[in-house]
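Visitor: I'd like to ask some things about the structure below.
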Amino acid sequence: MTGVQTCALPISTVTALVALEHCDLSDTVTVDHAAATVGESSLGLLEGDTLTMEDALTGLMVMSGNDAATAIATTAGAQIDPTSDDPYAVFIEAMNEKAKELGCTDTVFENPHGLDFDAWAGNLHSTTRDITKVFAAAMQNEDFRAIDNSDRTSIPVTSADGRSEEHTSE
């Protein structure tokens, strides 16, 4: 497996693609405990916060929010299989299926954000060839391009107690 690497960019790109395939931009994303505590690059989302899928995707793609990635995964996973007790796992499976669909032959996803150390250490990886396939597919999606080209520096979030807030990456 020469050229194999761990890289958050293709992971967040596939996270966005899978979410865009299964959700509307206006869908509500609710932040659960796992999303609020994922760590590293974060929007500072708290358990019980809500935001639109479009704002969560902006938080993921423009501001590199791992908390947004995890909240997106759980929300979209529940859309993919509403009967599942583990929508997060459903989403990760959908990410790997999307990679196969795109012709990726040496890519494995284990989470929606790309962390691969400490509690997140695992076997997630990709190759330059596979990354190119992922980005080529992403650029065919109009919503993906619009969000990716955004220059927004904050996103609106409704806190668990109903207050409106603006969040930026930490």
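The values are calculated or read from the model by the stated rules, or taken from the named source; none is laboratory data. Treat the numbers as computed from the prediction; the structure is a model and nothing was measured. Neighbour counts run over all protein chains shown; Cβ positions are idealised from the backbone, glycine included. These area figures cover heavy atoms from the full protein model, side chains too; ligands, DNA and RNA do not enter into them. Shrake-Rupley method; radii C 1.70, N 1.55, O 1.52, S 1.80 Å.
Visitor: Return yes or no: is I72 hydrophobic (A, V, I, L, M, F, W, C), within 11 Å of the chain's Cα centre (by Cα) and at pLDDT below 95? First the steps, then the outcome.
Guide: Details: hydrophobic (A, V, I, L, M, F, W, C): yes; within 11 Å of the chain's Cα centre (by Cα): yes; at pLDDT below 95: no.
Considered against the rule, which asks whether it is hydrophobic (A, V, I, L, M, F, W, C), within 11 Å of the chain's Cα centre (by Cα) and at pLDDT below 95, I72 comes out as no.
Visitor: Separate question: Just to check your reading of the model, which residue among A136, A146, A121 is surrounded by fewer than 16 Cβ atoms within 10 Å (Cβ to Cβ), modelled with pLDDT under 90 and among the aliphatic types (A, V, I, L, M)?
Guide: Numbers: A136 fails: modelled with pLDDT under 90; A146 fails: modelled with pLDDT under 90.
Answer to the selection: A121.
Visitor: Among the residues of segment 35-80, what is the count of those that are open to solvent by 20 Å² or more (accessible area, probe 1.4 Å), in a helix (DSSP H, G or I) and among the β-branched types (V, I, T)?
Guide: Residues in segment 35-80 being open to solvent by 20 Å² or more (accessible area, probe 1.4 Å), in a helix (DSSP H, G or I) and among the β-branched types (V, I, T): 3 in total.
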